[in-house]
Amino acid sequence: MSEHQDWSQGLGGIVEEIGGHQPPEIDTTLPHSARMYDYWLGGKTNFPADRALGEAFEQAIPSIRTMARENRDFLGRAVRHLVREAGIRQFLDIGTGIPTEGNTHEVAQAEAVDSRVVYVDNDPIVLAHARALMVSGKRGSTAYLDADLREPERILSHPALTGTLDVTQPVGLMLVAILMLLEDEDDPWGKVRKLLDALPVGSHVAITHPSADFNPEAMGQVVAAAEQGQLTLVPRTREQVAEFFGDWELIEPGVVPVMGWRPDGLPPADPQAAYYWAGIARKRS
Ligand SMILES: C[S@@+](CC[C@H](N)C(=O)[O-])C[C@H]1O[C@@H](n2cnc3c(N)ncnc32)[C@H](O)[C@@H]1O
């Protein structure tokens with residue numbers, strides 16, 4: 001598979017990638033967050049159930065596609081910031097999503113060719129796509145780990161991670177649009193804490209999270225639609241999102257609407273138009 005694989009090849013290509021059979025874990029009759037996100041971003045790896053719930057969300061929040069794009073743009077700005085300003089050369093990106101343009105390794109390696117990235121996701125379709133991402137450049141490398149954020153110890157001790165990242169050196173942990181997919185009962189704060197505790201001083205964590213703070217009514221409709229579609233979606237308040245950073249030092253401008261986090265160019269006219277909080281924090285000495 002070439003580095004410049006055509007991501008638009010759809011499920012046919014994916015099934016080929018994973019050995020000619022659709023594995024039983026891929027249930028395309030239920031909507032899935034990665035494939036809905038792919039749908040909003042204009043990708044082709046989505047199915048009628050994903051599109052139906054994606055459209056129900058869009059009815060409640062007509063700008064949902066722009067929001068997905070804004071979230072993705074933050075990922076690019078965050079990775080560039082971490083490479084340029086914080087000197088980060090290794091990333092742990094949990095909740096990879098179906099690859100589209102501007103994936104973490106592409107942004108990081110465009111800035112610093114020796115950047116290393118470990119992707120983690122628990123979705124088999126993402127797995128199939130992400131395997132094709134495991135391309136090593138001249139010095140940089142990319143690995144993929146099929147694991148669940150709810151098992152941080154497994155992620156941290158897995159050979160795919162320890163063989164790719166040097167966890168004695170600062171790591172950029174990306175938790176972009178994933179934490180809302182964990183119920184409170186899964187203790188997402190505790191899981192994130194385990195990851196943060198394992199990383200050395202100088203590491204950074206980037207988080208985005210949808211919230212009802214911006215438009216409670218619209219977000220309420222989205223949550224109701226998600227429940228009907230059997231999809232977990234837990235919007236959280238700014239305070240709850242800020243708690244994920246623990247005692248790490250938030251870098252400027254703190255936890256802000258995603259569009260307002262160090263925008264490229266002119267500040268957006270209405271930064272609250274995308275209903276996500278975003279922030280980056282650094283582990284202090
Ligand atoms: C909305 S997508 C975000 C993709 C990417 N981070 C971005 O912002 O462009 C969420 C991703 O998290 C993955 N995911 C959901 N729950 C997860 C879990 N418990 N452990 C690992 N990955 C998970 C989904 O499969 C999906 O690929």
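The values are calculated or read from the model by the stated rules, or taken from the named source; none is laboratory data. Just so you know, these numbers come straight off a predicted model, no measurement behind them. Note that each Cβ is placed from the backbone with ideal geometry, even for glycine, and that neighbours are counted across all protein chains shown. When the accessible area is computed, the model is the full protein with side chains, heavy atoms only, and any ligands, DNA or RNA have been set aside. Shrake-Rupley method; radii C 1.70, N 1.55, O 1.52, S 1.80 Å.
I want to confirm something. Restricting to segment 114-135 and keeping residues that are within 15 Å of the ligand (Cβ to nearest atom) and part of a strand (DSSP E or B), which single residue is surrounded by the fewest Cβ atoms within 10 Å (Cβ to Cβ)?
Only one residue fits best here, namely Asp121.
What are the residue pairs meeting all of these: first residue in segment 241-253, first residue open to solvent by less than 30 Å² (accessible area, probe 1.4 Å), second residue part of a helix (DSSP H, G or I) and of a type in the set (Val, Ile, Thr), Cβ atoms under 8 Å, and 6 or more apart or on different chains?
Phe244/Val192
In segment 139-157, is there at least one residue being within 16 Å of the ligand (Cβ to nearest atom), among the β-branched types (Val, Ile, Thr) and touching a Ser or Thr at 6+ places or on another chain (Cβ under 6 Å)?
The answer is no, given that none of the residues of segment 139-157 is within 16 Å of the ligand (Cβ to nearest atom), among the β-branched types (Val, Ile, Thr) and touching a Ser or Thr at 6+ places or on another chain (Cβ under 6 Å).
Please state which one of Glu106, Glu153 is open to solvent by 50 Å² or more (accessible area, probe 1.4 Å), in a helix (DSSP H, G or I) and free of Cβ contacts under 8 Å to residues at least 12 places away in the same chain.
Glu106
Checking Arg65 against (1) part of a helix (DSSP H, G or I); (2) touching a residue at least 60 places away in the same chain (Cβ under 8 Å): exactly one of these is not met. Which one?
(2) is the only condition that Arg65 fails.
In segment 172-211, which residue that is over 22 Å from Trp277 (Cβ atoms) and surrounded by 15 or more Cβ atoms within 10 Å (Cβ to Cβ) is nearest to the ligand (Cβ to nearest atom)?
Residue satisfying both the conditions and the ranking: Ala198.
Quick one: how many residues across segment 43-62 are surrounded by fewer than 22 Cβ atoms within 10 Å (Cβ to Cβ), in contact with a helix residue (DSSP H, G or I) (Cβ under 8 Å, 6 or more places away or on another chain) and without any contact (Cβ under 8 Å) to a residue 40 or more places away in the chain?
4
Suppose we keep only residues that are open to solvent by 10 Å² or more (accessible area, probe 1.4 Å) and within 20 Å of Pro257 (Cβ to Cβ) within segment 77-94. Which one would you say is nearest to the ligand (Cβ to nearest atom)?
Ranking the candidates gives Arg77 first.
Exactly one condition in (1) open to solvent by less than 20 Å² (accessible area, probe 1.4 Å); (2) under 21 Å from Ile155 (Cβ atoms); (3) of a type in the set (S, T, N, Q) is false for Thr232; which is it?
(1)
In the set Glu111, Glu101, Glu70, which member is at pLDDT 95 or above, open to solvent by 50 Å² or more (accessible area, probe 1.4 Å) and of a type in the set (Asp, Glu)?
Glu111
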